[in-house]
Every structure is written in C-alpha cells, then in structure tokens.
Amino acid sequence: MKFRGWLFVLSLLEHTDASAVKRDTAQAKSYDFIVVGGGTAGLAVASRISIGLPASSVLVIEAGPDGRNEPGIYIPGRKGSTLGGKYDWNLTTVPQPNANNRVFSQNRGKVLGGSSALNLMTWDRTSVAELDAWERIGNKGWNWNSLYNAMLKVENFLPSISYGEAGVGHSGPIQTLISRIFPVHQSTWIPTMNILGLPWNRESLNGNPIGVASQPSNVNYKGYVRSYAPDYLKLTGENLVVKMDTRVAKINFQGPTATGVTLENGTVISARKEVILSAGSFQTPGLLEISGIGNATLLKKLDIPVVQDLPSVGENLQDHIRIQSSYQLKPEFLSFDVLKNSTRAAMELALYNAGLKSLYDYTASGYAYMGWNTVSKDAASKLRAIADGDKALTSVIDKVKKSYLAPPLSQSVPQVEVIFSDGYTGVKGYPAANSSLFGIGTFSLIGVVQHPLSKGNVHINSTSINSKPTINPNYLSHPYDLQAAIAVAKFLRKVATTEPMSYVWTAEYEPGTAVKTDDDWKSFALANTLSIYHPIGTAAMLPKQDGGVVDPSLKVYGTKKLRVVDASIIPLLPSAHIQTLVYGIAERAAEMIVKEYK
C-alpha cells in the first residue's frame with residue numbers, strides 16, 4: 001500500500017510539474033507564432049509547432065490560471081465539480097423562447113487546458129461518413145483518413161481485455177484507458193442494449209461507432225489522473241512559452257495582415273509569422289469581431305473599424321442537446337451517490353490518494369450509438385418526414401444532415417447517443433439533505449440528439465472583452481429537435497425497463513411515472529432538455545459562399561497570417577463528443593503549418 005501510494009505521488013508530481021511550462025519571464029515583445037488560447041486545441045497545435053519548427057519561437061496566451069494541482073480537475077471522480085467555478089468562463093445563453101424561455105449554461109474552460117480540464121473525459125470518435133462529408137462540402141484534404149491519422153497521434157491507449165485494438169493510438173501524449181472500476185449494476189448495460197438490438201462494439205473508435213460499448217476515458221494509469229491538453233507541454237522545448245492569466249484585447253492588423261496582438265493591459269506583442277486563434281467556439285468569433293473581422297453592419301454599429309466584412313463570423317452555431325432520466329437503485333447496489341456522504345467521501349479519497357481502487361476512479365464509461373430505427377421505427381419515420389418536409393433546409397449543412405436520415409447513411413451514421421452514468425444527473429436535483437430520500441443510490445441514462453436542425457449564433461455586444469458574448473443557440477427552434485428529444489426521453493424509459501437493467505432499480509426518480517401521455521413527454525422535454533456543451537461551427541471551414549470563415553488551410557478569408565484552430569471551424573456536428581476531433585484538428589493544423597514554414 002505504501003509503495004502504491006508513493007507511485008501515486010510521483011506520478012502526480014510528474015502530472016503537475018510547473019517546470020514543464022516555460023513562463024514568459026523575459027516579457028519578450030515578439031515571437032514567430034502567437035497562439036491565443038491555451039486550451040484543448042491551443043496547447044496541442046502550439047506544442048507540435050514547437051517540435052516541428054525548433055528554430056521558431058511560440059507564445060501561448062491563456063486567460064486562465066494553471067489548474068494542474070486542482071483535485072477537481074485531476075481526480076476522475078471529481079468530474080463536473082469545476083463547472084460553474086473559477087476555472088469556468090460561466091457563459092450563458094439568452095433566454096430560449098422554444099425551451100420555456102430558459103437560460104442555458106454554456107460551460108467553457110478558463111484554465112490551462114481549457115475545456116479539456118473541465119469535461120467528463122469521454123473518449124470516442126465519429127463515423128467515417130461524417131468526416132468524409134467535410135471534403136464533399138468543399139474542404140479538400142479534410143476527410144476520414146486525414147483526420148483519423150491525426151487523431152491517432154494524440155493518444156496512448158492502455159490495452160484492455162474488454163476493448164479491441166482497432167481505432168486506437170499508442171504513441172500520443174494523451175493517455176487513455178478503460179476504467180478500472182465499474183459499479184455492479186452497470187453489468188446490465190451491455191446485455192440490455194443487446195436485447196434492444198445493438199451489438200457490442202469493442203472497437204468503436206475505428207469509424208464505425210454504431211453499437212454499445214465500454215468506451216475509454218482520457219485518464220493516465222500512472223496515478224489515475226486526468227490526462228489532458230497540458231500533457232502536450234511535456235513534449236516541447238525551450239522555444240515554447242506560456243503566458244497565463246492574460247487576456248488578449250484584440251488582434252492587430254496592417255491592412256489585411258495580422259501583425260500580432262494587444263493584451264488587455266495595452267501591451268503589444270508582434271507575431272513574425274502567424275497569429276493562431278484557439279479561443280473556442282464562443283470566444284474566437286468575438287475576438288475576430290472586436291478586431292474588425294465580421295459582419296460589417298455589426299462592427300460599424302459598435303464603431304469598430306472594418307478589416308474584413310465576413311458576415312458568417314459567429315453564425316452556424318450548432319450544439320448537441322441532451323435529456324436525462326434517473327432511477328432509484330435497490331439498496332444492495334452501491335452507487336456513486338454515496339460520495340454525498342462526507343464520511344464515505346473521505347474514505348474513498350484516502351483510498352484514491354493511496355493509489356488503490358476507489359469510487360474516485362469512476363468515469364461514465366457506458367456508451368451506445370444508434371440510428372433512429374433502434375429507438376423506434378415510428379419515430380424514425382416521423383422525424384425523417386419533418387426534415388424532408390422543411391423546404392427551407394437548403395444550406396450545404398442542412399442537406400448533409402438530411403442525408404443521414406435516409407438509407408444508406410441512416411444505417412451507419414448515429415442519430416442518438418445514450419450514456420450510462422452512475423449517480424444522479426438531471427434537472428430535478430438529488431434529494432435534499434433533509435429529505436427522506438436523501439442517501440438513495442441512483443443511476444442515470446443520458447440521451448443525446450446527434451444532429452439537431454436548429455442553428456444559432458454568437459456575437460459581441462460591446463468593444464470590451466469583459467462583456468460576455470450574446471449566445472443564442474436557438475435550442476428546440478426546429479420542430480425536428482423537440483420531437484427528437486421526446487423520442488429519446490421515451491427510449492430512456494424503455495432501456496431502463498428492459499431486462500436485465502430492470503432488475504436493479506425500484507422506482508423511476510426522474511421524470512417519474514406521472515409522465516405518461518404525449519403531452520406529458522412534450523412538457524418534460526421543454527423543461528428538461530439541456531446542452532451537453534459541444535458548441536461548434538462559429539468560424540466554420542466552408543467555402544466562403546456557403547457561410548465559411550476559414551478555408552481548408554484554416555486561414556481566415558480575406559486576411560493574411562491569421563488562422564483559426566479550435567472547435568469553431570467544425571462545419572458539421574459529429575455523432576460523438578468533440579474532444580478527440582478537436583485534438584485531431586490541432587494535429588492536422590500543425591502538420592500544415594510546419595510544412596509551410598519548414
């Protein structure tokens with residue numbers, strides 16, 4: 001036990017070693033490359049440029065602090081605990097009129113590593129057809145093969161008897177594994193989904209995600225800590241510098257050429273080669289707009305000199321929507337909810353700190369991807385009719401999404417994700433401490449609609465970077481999305497009431513048996529549909545005439561020496577969580593940049 005404890009301490013020291021980051025002590029005023037945003041994509045692209053161009057200097061500017069010593073970040077079982085806290089930008093939407101006028105949280109990481117420090121560590125991949133679609137809509141060279149090879153460079157998968165070898169990488173800086181702890185009742189997950197028509201997919205990262213699986217998580221087996229974007233910094237040399245707790249006020253231009261950045265305190269730093277924006281789907285478009293790139297009407301209204309009239313900046317916002325149900329376990333099944341008991345939590349934390357198996361190891365590792373026919377043939381028919389009946393869905397994005405609903409793509413492109421997550425997740429809330437139900441064990445099923453047809457936007461409303469952007473995803477504004485959420489919510493109950501999962505619980509905690517009729521389900525969906533925090537598309541890689549902001553080299557249209565490398569360039573929502581794809585985009589971008597300047 002003492003030996004394993006020392007192994008844990010040593011691995012944690014390696015994980016959090018501040019010497020792995022060269023801080024900007026010299027206060028240099030000029031670098032070859034300036035990367036704005038030290039998040040998932042920013043640290044990956046900066047590190048690979050540092051390695052590939054060792055004679056070039058690279059500066060990463062991150063608005064948040066270094067959170068590598070924060071237990072809420074590095075302990076897997078503390079996942080979600082940092083949302084809404086000091087490491088979060090704490091952004092929100094405007095009231096959503098089609099979702100009971102609710103305001104939705106839009107959590108984004110304001111910390112070294114960005115949202116890779118805050119996410120729930122899901123490690124999956126989308127389908128071949130969805131990435132090949134990128135090339136078909138005008139992005140030459142961006143397809144399954146190119147992105148798959150880039151994504152494989154990211155990870156180092158720890159082999160497991162419950163997972164195959166196809167589709168995983170073994171040489172990257174991000175460590176991935178199958179969780180070493182599963183609650184007993186999760187053993188019902190795969191057989192239940194099998195009975196509902198989904199095969200066990202033991203190699204779900206190889207471009208064929210349909211099926212049910214125990215997916216990997218980005219956790220380092222040494223010490224069992226989160227493995228995330230700062231791990232890239234261990235690869236770099238002295239030519240990469242990180243400036244934390246620092247905000248960029250704007251990008252500077254000479255004509256259409258980006259020359260560097262101005263910091264919030266007025267300091268000007270020059271970029272001899274390029275400025276690379278990696279501030280994310282909500283912050284990247286805002287920095288473009290505040291710097292003079294965007295819809296000229298908006299910019300003039302705010303008295304911002306127009307560098308490039310590019311109306312698509314901030315548009316094409318897409319996000320996955322989720323809905324969840326939860327079930328009260330029989331007393332003999334131990335749930336993650338026991339950590340709400342402070343005595344039990346302290347005991348489990350002591351086990352974790354000693355390097356022993358603990359509930360704090362747990363990540364939600366039960367995932368299933370499926371088409372609408374698995375959910376319900378009736379729902380599949382109705383949803384396709386809704387999409388086909390909307391003659392306004394004429395953009396290249398809309399046409400691709402509609403193609404997923406018909407054969408043959410409806411057989412290979414998932415439309416729904418269901419996640420088995422131990423412990424409570426929902427809107428109702430876990431029973432209060434003074435409730436007779438406090439202390440119950442629960443598990444949750446989370447259903448995610450993969451290709452909503454609603455699109456929104458994000459824009460600045462002020463020239464001050466301290467004004468939060470106006471975010472309007474237009475959740476549930478398309479009738480397809482509401483009907484999809486209803487169909488998924490009904491399916492979650494079907495999953496839970498199917499053997500063998502039906503054996504492990506006694507009562508449906510949420511939504512509860514009072515929800516029965518179609519009107520009940522509609523009301524539940526309107527009140528309980530949430531975001532799963534996968535915003536993309538606001539600086540989309542598309543032909544300019546189709547709403548593009550960047551070209552296939554990720555250069556911003558009408559400018560020079562300015563690229564965008566983050567989730568905002570993704571033109572189409574993938575049927576997957578987005579972190580592996582964002583890392584892959586950064587790897588691909590670095591390849592192009594190194595090739596151009598070598």
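The values are calculated or read from the model by the stated rules, or taken from the named source; none is laboratory data. These numbers were taken from a predicted model, which means no experiment stands behind them. Because the Cβ atoms are built from the backbone with ideal geometry, glycine has one as well, and the counts that use them run over all protein chains shown. With ligands, DNA and RNA removed, areas are computed over all heavy atoms of the protein, side chains included. Shrake-Rupley method; radii C 1.70, N 1.55, O 1.52, S 1.80 Å.
Among the listed residues 277, 339, 263, 287, identify the single one that is closer than 15 Å to residue 459 by Cβ and among the aliphatic types (A, V, I, L, M). Write out each step before concluding.
Working: 277 fails: closer than 15 Å to residue 459 by Cβ; 339 fails: closer than 15 Å to residue 459 by Cβ; 263 fails: closer than 15 Å to residue 459 by Cβ.
When all the criteria are applied, what remains is 287.
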For this session: Consider only pairs whose beta carbons are under 6 Å apart and that are at least six residues apart or on different chains; among these, list those whose first residue lies in the stretch 433-445 and is over 24 Å from residue 496 (Cα atoms) and whose second residue is surrounded by 10 or more Cβ atoms within 10 Å (Cβ to Cβ) and modelled with pLDDT under 95.
Result: none
For this session: Might you check whether a residue that is among the small types (Gly, Ala, Ser) and farther than 21 Å from residue 201 by Cα occurs anywhere in the stretch 360-375?
Result: no
For this session: Can you confirm whether the stretch 212-221 contains a residue that is touching an Asp or Glu at 6+ places or on another chain (Cβ under 6 Å), modelled with pLDDT under 95 and either more than 30 Å from residue 27 (Cα to Cα) or not assigned by the TED database to the domain that holds residue 584 (or both)?
Result: yes
Exercise. Mind checking whether some residue in the stretch 131-152 is among the acidic types (Asp, Glu) and not in a helix (DSSP H, G or I)?
Worked result: no
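Each row is one residue, and each column tells you yes or no for (1) in contact with a Pro (Cβ under 8 Å, 6 or more places away or on another chain); (2) open to solvent by 30 Å² or more (accessible area, probe 1.4 Å); (3) among the aliphatic types (A, V, I, L, M).
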site: 107; (1), (2), (3): no, no, no
site: 110; (1), (2), (3): no, yes, no
site: 116; (1), (2), (3): no, no, no
site: 120; (1), (2), (3): no, yes, yes
site: 125; (1), (2), (3): yes, no, no
site: 136; (1), (2), (3): no, yes, no
site: 146; (1), (2), (3): no, no, no
site: 153; (1), (2), (3): no, yes, no
site: 156; (1), (2), (3): yes, yes, no
Exercise. If you go through the stretch 324-343, how many residues are among the aliphatic types (A, V, I, L, M), under 21 Å from residue 495 (Cα atoms) and not in a loop (DSSP other than H, G, I, E, B)?
Worked result: 1
Exercise. In the stretch 453-465, which residue that is assigned to a loop (DSSP other than H, G, I, E, B) and hydrophobic (A, V, I, L, M, F, W, C) is surrounded by the fewest Cβ atoms within 10 Å (Cβ to Cβ)?
Worked result: 465
Exercise. Is one or more of the residues making up the stretch 183-195 in a loop (DSSP other than H, G, I, E, B) and assigned by the TED database to the domain that holds residue 362?
Worked result: yes
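Is it true that residue 444 is modelled with pLDDT of 95 or more, of a type in the set (Ser, Thr, Tyr) and open to solvent by 10 Å² or more (accessible area, probe 1.4 Å)?
Values: modelled with pLDDT of 95 or more: yes; of a type in the set (Ser, Thr, Tyr): yes; open to solvent by 10 Å² or more (accessible area, probe 1.4 Å): no.
So residue 444 fails the test.
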Problem set entry | Within the stretch 466-514, tally of residues that are open to solvent by 30 Å² or more (accessible area, probe 1.4 Å) and either part of a helix (DSSP H, G or I) or of a type in the set (A, V, I, L, M) (or both) | 9
Exercise. With 564, 550, 556 as the choices, which residue is more than 21 Å from the chain's Cα centre (by Cα), open to solvent by less than 10 Å² (accessible area, probe 1.4 Å) and not assigned by the TED database to the domain that holds residue 335?
Worked result: 556
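Taking the stated definitions as given, is residue 474 over 30 Å from residue 412 (Cα atoms), out of contact with any helix residue (DSSP H, G or I) (no Cβ under 7 Å at 6 or more places or on another chain) and polar (S, T, N, Q)?
No.
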Problem set entry | Test for residue 199: is it within 24 Å of residue 128 (Cβ to Cβ), at pLDDT 95 or above, out of contact with any helix residue (DSSP H, G or I) (no Cβ under 7 Å at 6 or more places or on another chain) and open to solvent by 20 Å² or more (accessible area, probe 1.4 Å) | yes
For this session: Taking residue 533 as the residue in question, decide whether it is at pLDDT 95 or above, among the hydroxyl-bearing types (Ser, Thr, Tyr) and over 21 Å from the mean Cα position of the chain (by Cα).
Result: no
For this session: Specify which of the listed residues (530, 581, 573) is closer than 23 Å to residue 484 by Cβ and open to solvent by 20 Å² or more (accessible area, probe 1.4 Å).
Result: 530
Exercise. Is one or more of the residues making up the stretch 158-173 open to solvent by less than 50 Å² (accessible area, probe 1.4 Å), polar (S, T, N, Q) and in the same structural domain as residue 449 (by the TED database)?
Worked result: yes
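Regarding residue 70, is this residue under 30 Å from residue 349 (Cα atoms), of a type outside the set (Lys, Arg) and not assigned by the TED database to the domain that holds residue 32?
Here the answer is yes, as residue 70 does meet what is asked.
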Exercise. If a residue has to be in contact with a strand residue (DSSP E or B) (Cβ under 7 Å, 6 or more places away or on another chain), without any contact (Cβ under 8 Å) to a residue 60 or more places away in the chain and assigned to a helix (DSSP H, G or I) to count, how many in the stretch 539-598 make the cut?
Worked result: 1
